[in-house]
1. Is it the case that some residue within the stretch 71-90 is under 17 Å from Glu152 (Cβ atoms) and either of a type outside the set (D, E, K, R) or in contact with a Cys (Cβ under 9 Å, 6 or more places away or on another chain) (or both)?
2. If you scan the stretch 98-118, which residues turn out to be part of a loop (DSSP other than H, G, I, E, B) and surrounded by fewer than 18 Cβ atoms within 10 Å (Cβ to Cβ)?
3. Identify the single condition in (1) under 24 Å from Val191 (Cα atoms); (2) of a type outside the set (Lys, Arg); (3) open to solvent by 20 Å² or more (accessible area, probe 1.4 Å); (4) in contact (Cβ under 8 Å) with a residue 40 or more places away in the chain that Gly129 does not satisfy, given that it satisfies every other one.
4. Among the residues of the stretch 82-97, is any under 22 Å from Arg128 (Cα atoms), part of a helix (DSSP H, G or I), open to solvent by 40 Å² or more (accessible area, probe 1.4 Å) and among the hydrophobic types (A, V, I, L, M, F, W, C)?
5. Give me the residue from the stretch 165-208 that is assigned to a loop (DSSP other than H, G, I, E, B) and open to solvent by 60 Å² or more (accessible area, probe 1.4 Å) and, out of that set, farthest from Gly149 (Cα to Cα).
6. Please determine, by comparing only the residues of the stretch 62-81 that are closer than 14 Å to Leu127 by Cβ and of a type in the set (A, V, I, L, M, F, W, C), which one is surrounded by the most Cβ atoms within 10 Å (Cβ to Cβ).
7. Tell me yes or no: at least one residue of the stretch 157-164 is surrounded by fewer than 18 Cβ atoms within 10 Å (Cβ to Cβ) and either at positive phi or in contact with a helix residue (DSSP H, G or I) (Cβ under 7 Å, 6 or more places away or on another chain) (or both).
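The values are calculated or read from the model by the stated rules, or taken from the named source; none is laboratory data. Model, not experiment: these values are computed from the prediction. Reconstructed Cβ throughout: ideal geometry from the backbone, glycine too, with neighbour counts over all protein chains shown. Note: accessible area is taken over every heavy atom of the protein model, side chains too, but ligands, DNA and RNA are not part of it. Shrake-Rupley method; radii C 1.70, N 1.55, O 1.52, S 1.80 Å.
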Amino acid sequence: LLAAVSRIVSDRIQDLSAAGGVRHPQDLLETIRLAGALRVGQALGFLEAVLRENKPSLEEDLELLTTAVNALGRLLESGASGETAALLVSQFRRPHVGPEKVVRELRRACVSALSSGSPSAEVQADLRGFFKEVLLGAADANAQGPPRGEKELRIPAILGLGTLARQKDTGSFEALIDILARGEQFEPQEVVAAIDSIAYVGGRPALAALLK
């Protein structure tokens, strides 16, 4: 049954893609949500196209963008390619016009979607820099001061570093250890997120970091 429903959603995505638009936006949103929930891999290209459309900021549909990013995140369980990661980072950094809460939801969705990491070491390095920038709120990802990133984005960024650390990215593991070393500069729940992320890495290095 699940396979049959996935095929229907996939066919609907192809129809929408061929039409180059949709007269019923709510139908589009529901189709995208279903594609994400059912992890319909064939929807990947369509979702990326939604994010890639370069509309003037005042004409943006922030609900559509956020829905597409959330669905895309569900399709990236094995990690993002360099192109997909760059697209999500660009969407995060792009200035958006709209209600502050809605813009925050879009930005958070971008960070969460990227938390699946990447199988590519090169992309992992790029994502590490991005997560550290989101966490510290500084263009210099090696800044040593207290975190100045948006508060509600800091834990998703830490979890993203945790994923990269489990994917054997040494720099991300070191970034998590640095959070513990500067624990007084972070919120308690952020330190807990770093501890959990290190614990999930496992092995002697993780044990040594937690016993310090």
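1. yes
2. Gly98, Pro99
3. All conditions pass for Gly129, except number (4).
4. Checked against the condition, which is being under 22 Å from Arg128 (Cα atoms), part of a helix (DSSP H, G or I), open to solvent by 40 Å² or more (accessible area, probe 1.4 Å) and among the hydrophobic types (A, V, I, L, M, F, W, C), the stretch 82-97 yields at least one hit.
5. Lys168
6. So, considering only residues that are closer than 14 Å to Leu127 by Cβ and of a type in the set (A, V, I, L, M, F, W, C), the one surrounded by the most Cβ atoms within 10 Å (Cβ to Cβ) is Ala80.
7. Restricting attention to the stretch 157-164, the residues satisfying the condition of being surrounded by fewer than 18 Cβ atoms within 10 Å (Cβ to Cβ) are none.
No, because not a single residue in the stretch 157-164 is surrounded by fewer than 18 Cβ atoms within 10 Å (Cβ to Cβ) and either at positive phi or in contact with a helix residue (DSSP H, G or I) (Cβ under 7 Å, 6 or more places away or on another chain) (or both).
Matching residues to (1) modelled with pLDDT under 95; (2) within 11 Å of the chain's Cα centre (by Cα); (3) part of a helix (DSSP H, G or I); (4) at positive phi:
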site	(1), (2), (3), (4)
Gln124	no, no, yes, no
Phe130	no, yes, yes, no
Leu135	yes, no, yes, no
Ala141	yes, no, no, no
